[in-house]
Amino acid sequence: MEFSRDMYPYQPTWSNTRINLLQRCPRAFVLRYGLAKLSENHPQGQLLSEAFAIQTPWILMHQIVRQVVLDYVEDYANGTVWSHELIRIRFTKDYAQAILHRNQRIEQFQQYGLEQTLFQKTQPEDHLIEMGVDSCLNLVQNQNLVSLLKSGSIERLQPTNSIVKQNIRVYCSPDLIHHGSDGTSVIKLHLYGKISSFENVFQASLLQEYGDRNSIVIQFSLSRRKWFVHKFKPNSIQRKQALNIISEDVKQMENAFWSVRKNNDLTKVPLADTYRSCTSCNVRFICPSRHGYEQAKAEQRSLMCQ
Ligand code: SF4
């Protein structure tokens, strides 16, 4: 069986998560979106999927910030306004729950008999709870969000909402859509740092596809508990440029899938460019770099020359 041919997705798919992982490490990308998906009914595929599902406490904290804020907005739209104390209680409870699930996943994972120290179980840490609560409170008091909540109507979108553009399935869903007297606004929360002005325009150009040609895209990005707001209405050139970028990204993804050769040979799928990517990699335990990154890179370079 030629594995790469089966791995190749029937419909090309783009998402921020996919392209970010590909850019960080083509090998990890192929393992996650190729091998793990293709062999999800086999023990090795399950092992990979479970490894990728274990998130760090830091990532979980940010995911819970999004969840709590969106629940707050949903209830607000239905006429119930949460107190700050309720936000604190909800965040603390949901975060503890997320850490508990993570620990359970780690216990299950350990049944595969791998090294016990691969993933460490943990308890909710106070400084992450404080950071998460502050981030939620700062957003629900942000004047831009407050004025959206006070007028018109607002609806929550699921991250699984996708669109198809140029035969590519694109997952880039806004978190909220606001309908006001001056039109529709598309709203997105970016949780992992302030994004560059190029990225703001690129993301806005994709996000606007969920509204209409006159929709304003409002992006909130979180950095050190502070929210930065970017409002933008992309034009047709910027929308076209964004679609060109995702087409190029998809070509890179296809190349990564095709670099898997017959008999599931991953040896020519490139490893990460820097060791930094490996330090937080969930699948390091099956990667040659676990025995030394420099040596694995050198061995791969010599293979590529053959
Ligand atoms: S350990 Fe490093 S090289 Fe290996 S898959 Fe992970 S990020 Fe890529």
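Data for the structure
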{"quantity": "Proportion of all alpha-carbon pairs of region 38-135 beyond 18 Å (%)", "calculated": "54 percent"}
{"quantity": "Residue-span extension gain [residue 238 to residue 285] - 0.36 nm each, minus C-alpha spacing", "calculated": "12.8 nm"}
{"quantity": "Neighbour-count order for 128, 189, fewest beta carbons within 10 angstrom listed first", "calculated": "128, 189"}
{"quantity": "Gain in span if fully extended, residue 20 to residue 274, counting 0.36 nm per residue against the direct Cα distance", "calculated": "90.0 nm"}
{"quantity": "For the chain, share of DSSP beta bridges that run antiparallel, in % to the nearest 5", "calculated": "70 percent"}
{"quantity": "Stokes-Einstein translational diffusion, region 114-218 - Kirkwood Rh over all Cα pairs, 1.567 mPa s, 4 °C, in µm²/s", "calculated": "79 µm²/s"}
{"quantity": "Where N is the number of residues in the chain, Cα Rg divided by 2.2 N^0.38 Å", "calculated": "1.10"}
{"quantity": "Sorted peptide list for 101-108, 57-64, criterion being average Cβ within 10 angstrom, highest first", "calculated": "57-64, 101-108"}
{"quantity": "Distance from region 87-120 to region 210-229 (C-alpha centre basis), Å", "calculated": "31 Å"}
{"quantity": "Principal axis box of region 153-282, alpha-carbon based, largest edge first, Å", "calculated": "59, 37, 26"}
{"quantity": "Degrees between helix 126-140 axis and first principal axis of the chain (Cα, 0 to 90, nearest 10)", "calculated": "50 degrees"}
{"quantity": "The chain: calculated mean residue ellipticity at 222 nm from DSSP helix runs of at least 4, using -39500 (n - 2.57)", "calculated": "-15500 deg cm²/dmol"}
{"quantity": "Relative exposure of 35, 303, 70, judged by other C-beta atoms within 10 Å (fewest first)", "calculated": "303, 70, 35"}
{"quantity": "Which of 227, 14 has the fewest Cβ neighbours within 10 Å, and the rest in rising order", "calculated": "227, 14"}
{"quantity": "Separation of the residue 304 and residue 263 label points, Cα + 7 Å toward Cβ, nm", "calculated": "2.3 nm"}
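Every number in this text was worked out from the coordinates using simple rules, so none of it is lab data. Nothing here was measured: the structure is a model prediction, and the numbers come from that model. Cβ: placed from backbone, ideal geometry, glycine included. Neighbour counts: every protein chain shown.
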